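The values are calculated or read from the model by the stated rules, or taken from the named source; none is laboratory data. The model shown is predicted, which means the values in this text are computed figures rather than measured ones. Cβ placement follows ideal geometry from the backbone for every residue including glycine, while neighbour counts extend to all protein chains displayed.
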Amino acid sequence: MGSCADSCDRSVLVCIRKTVSHRPKELSTPPSDIPSQARNKWKPFLRVAGYLAIGASAFLFARHIDGHALVRALGHTRPSLLAVAGLLALGQLACRASVFRTLMLPVVAIPWLRVQRFMLATSATSALMPGRAGEFMRAYLLKRDNNVAVASTVAVTAVEKTVEVIALFLVLAPVSFLLPNLPAWVGRAILGAAGVALGFFSIAVILATRSRLPRWLASFSAGLEIVRRPSLFGKALLVELGSWLLDFACALSVMRAVGVSAPAASGLLVLLAVNLAIAVPAVPGNLGTFELGAVVALQPFGVPAELGLAVGLLYHMAQVLPIATLALIDSLFIVER
């Protein structure tokens with residue numbers, strides 16, 4: 001009887017141990033992680049819903065487009081002006097690379113040619129992949145090749161976007177005087193760009209001038225060092241102004257290639273509308289949203305939607321095709337070497 005009782009006691013203890021050891025596995029996921037897991041589960045569905053919404057909008061827009069008129073507009077373009085637009089887009093990319101190199105100088109000095117190749121790779125990636133894939137690739141390449149902390153690259157990228165918005169505001173500021181009787185959204189968009197730029201710049205200055213920061217912000221603060229160097233920041237801003245002017249010239253070349261007779265200053269409105277449309281990258285290469293921005297920008301000048309769509313398509317092509325071609329050549333060169 002004693003041995004029977006002992007064996008029963010031992011079996012009960014084993015069951016208790018199994019139950020106790022099994023409970024942590026059931027509670028292995030902290031309660032704080034449950035909401036984030038739920039959000040992650042819904043992200044693919046939200047992304048697909050966004051793509052469907054954009055696709056439906058594009059379909060509804062395309063129903064009002066005369067396909068024959070669009071083909072005629074594309075068929076009567078002047079190839080020489082399109083080639084000029086492509087060269088201007090490459091010049092803009094070179095300016096953007098110089099701006100990024102200048103902003104990176106307080107962190108690390110990168111050879112000019114290497115920065116150009118980084119920008120080629122990241123721009124081509126952004127043209128093919130959704131979201132900010134190109135910027136993620138740039139952070140990866142800088143970490144791999146120059147051992148630059150990702151947080152520093154993120155900080156420099158934030159300053160880069162701030163410089164872009166400030167320069168764009170300066171380029172667009174005269175548009176209200178050059179083109180009177182514009183839609184109300186134009187003035188609001190320009191003021192909004194100024195507000196965003198001021199906000200980002202103020203945050204960068206506050207973080208850069210603080211003497212004591214948490215350890216986890218040290219690398220991020222190193223990327224904001226450029227804010228404490230007015231000469232370098234001013235140089236980057238001047239080059240960025242040149243970049244936007246080249247972009248304006250690119251848009252104007254495409255407009256003239258298609259035969260749009262709107263005032264030259266209307267190219268500034270195309271610049272504004274396109275950049276507003278692609279501010280939040282929703283689809284790979286901003287396909288559709290880019291073109292829609294051009295159509296909306298040219299409507300106040302009486303440009304038919306078909307002609308505006310032709311401008312958007314060719315302007316987009318001038319921005320993507322030369323860069324993608326050079327990136328492909330560069331990648332083949334790296335493989336062969």
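Quick rundown of the values:
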read-out: Of all residues in the range 141-198 being under 18 Å from VAL274 (Cβ atoms) and aromatic (Phe, Trp, Tyr), the one that is surrounded by the most Cβ atoms within 10 Å (Cβ to Cβ); value: PHE169
read-out: Matching residues in the range 242-282 - criterion: being within 22 Å of the chain's Cα centre (by Cα), more than 22 Å from MET129 (Cα to Cα) and among the β-branched types (Val, Ile, Thr); value: VAL270
read-out: Answer residue from the range 270-284, given it is surrounded by fewer than 19 Cβ atoms within 10 Å (Cβ to Cβ) and in contact (Cβ under 8 Å) with a residue 40 or more places away in the chain and is nearest to ALA197 (Cα to Cα) among those; value: LEU276
read-out: Residues located in the range 258-278, provided they are closer than 21 Å to VAL84 by Cα and assigned to a loop (DSSP other than H, G, I, E, B); value: GLY259, VAL260, SER261, ALA262, PRO263, ALA264, ALA265
read-out: Check on ARG72, in a helix (DSSP H, G or I), modelled with pLDDT of 85 or more, surrounded by 16 or more Cβ atoms within 10 Å (Cβ to Cβ) and not aliphatic (A, V, I, L, M); value: no
read-out: Matching entry among SER253, SER231 (being closer than 29 Å to ALA204 by Cβ and among the polar types (S, T, N, Q)); value: SER231
read-out: Residue among LEU292, LEU332 that is of a type outside the set (Gly, Ala, Ser), in a helix (DSSP H, G or I) and either under 22 Å from LEU245 (Cα atoms) or within 23 Å of the chain's Cα centre (by Cα) (or both); value: LEU292
read-out: Residue pairs meeting the criteria (Cβ under 7 Å; at least 6 apart or on separate chains; first within 11 Å of ARG96 (Cα to Cα) and touching a residue at least 24 places away in the same chain (Cβ under 8 Å), in the range 227-245; second assigned to a helix (DSSP H, G or I) and among the charged types (D, E, K, R)); value: GLU240/GLU164; SER243/ARG96
read-out: Pairs, first under 13 Å from THR77 (Cα atoms) and of a type in the set (Phe, Trp, Tyr) in the range 304-325, second at pLDDT 95 or above and assigned to a helix (DSSP H, G or I), C-beta under 6 Å, six or more apart; value: TYR315/ALA251; TYR315/VAL254
read-out: Which numbered condition PRO300 misses (of (1) in contact with a Pro (Cβ under 8 Å, 6 or more places away or on another chain); (2) buried (at least 23 other Cβ atoms within 10 Å of the Cβ); (3) not hydroxyl-bearing (Ser, Thr, Tyr)); value: (2)
